[in-house]
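Take a look at the structure set out below.
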Amino acid sequence: MKLQSCPCCRGKAIFADLIIGKGSRRVKMWQVSCSGCGLSTEMDEDKRYTATRWNRRQEYANLKMWVTLLAALLPVSIIISLLLGNLMGISLIS
Ligand SMILES: [Zn+2]
C-alpha cells in the first residue's frame, strides 16, 4: 500500500512496527509516521487500516487547505457582489 507524503511538511511517510505485550499475547502494532516532522497516526494492529488512515489525513489536509483558501477569498467575493449589486441598482444591505 502506497503512503502519501506528509500533510504538514511533505516529508516521506514511513511504517513503524511495534511489538506490544509478552509471550503468546504479543501483538504487532503498526504506525505511520513522518520522517521529516514526526507526525504520526495512532497505532493499530491492521497495517492496511493504518495506511488508509494516514492517507485520509492527507485528504483532510488538502480539504482544509481549500477551505482556508476559500475563506481567504470570501471577503473579495463579498466586495465584488456588493459592487455588482450597486451597479445593477440592488442594495444588499437594505
Ligand atoms: Zn511531516
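The values are calculated or read from the model by the stated rules, or taken from the named source; none is laboratory data. Everything numeric here is computed off the predicted structure, so don't read it as measured data. Note: ideal-geometry Cβ built from the backbone for every residue, glycine included; neighbour counts use all protein chains shown.
Residue check: is ARG26 at pLDDT 90 or above, away from the ligand (no atom under 11 Å from the Cβ), basic (Lys, Arg) and over 19 Å from the mean Cα position of the chain (by Cα)?
In short, yes.
Could you list, ordered by first residue, the pairs with Cβ atoms under 9 Å in which the first is in segment 34-50 and farther than 13 Å from CYS8 by Cβ and away from the ligand (no atom under 12 Å from the Cβ) and the second is of a type in the set (D, E, K, R) and part of a loop (DSSP other than H, G, I, E, B), at least 6 apart or interchain?
Correct list of pairs: THR50/GLU42.
Output the residue which, of all residues in segment 1-23 that are outside any loop (DSSP other than H, G, I, E, B) and more than 9 Å from the ligand (Cβ to nearest atom), is farthest from MET65 (Cα to Cα).
In this case the residue turns out to be GLY23.
How many residues does segment 68-82 contain that are within 21 Å of CYS8 (Cβ to Cβ) and either surrounded by 10 or more Cβ atoms within 10 Å (Cβ to Cβ) or touching a strand residue (DSSP E or B) at 6+ places or on another chain (Cβ under 9 Å) (or both)?
Selection size over segment 68-82: 3.
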